[in-house]
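See structure below.
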Amino acid sequence: MRDLRNNSAEVLARVAHGESLTVTKDGEPVASLAPLPKTALGRAQLIERRKSLPKVDSEQLRADIDDVLDPSL
């Protein structure tokens with residue numbers, strides 16, 4: 001806990017960069033510090049990302065699936 005108290009900015013910077021840390025008191029774990037999950041993308045961001053994906057030929061996709069799986073299922 002001493003490092004957390006004395007170096008809180010550095011500790012939080014490490015967590016912000018993806019590191020998970022365990023806080024100990026007298027050598028015993030008492031807490032975990034971990035980055036929060038990334039927020040979901042908004043609609044506009046998803047639409048923009050979709051533009052960069054390759055076009056999918058649905059008939060070819062279906063044929064490829066049928067080649068691997070029994071089409072009667």
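Since every read-out is calculated from the coordinates, none of them should be taken as a lab result. Computed from a predicted structure; not experimentally measured. Methodologically, a virtual Cβ is constructed for each residue, glycine included, from the backbone with ideal geometry; neighbour enumeration extends over all protein chains shown.
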Output for Cβ contacts, cut-off 6 Å, separation at least six or different chains, first residue touching a residue at least 24 places away in the same chain (Cβ under 8 Å) and surrounded by 10 or more Cβ atoms within 10 Å (Cβ to Cβ) in region 22-49, second in a loop (DSSP other than H, G, I, E, B) and of a type outside the set (V, I, T), reads K25/M1
Any chance region 5-27 includes a residue that's of a type in the set (S, T, N, Q) and in contact with a Leu (Cβ under 9 Å, 6 or more places away or on another chain)?
yes
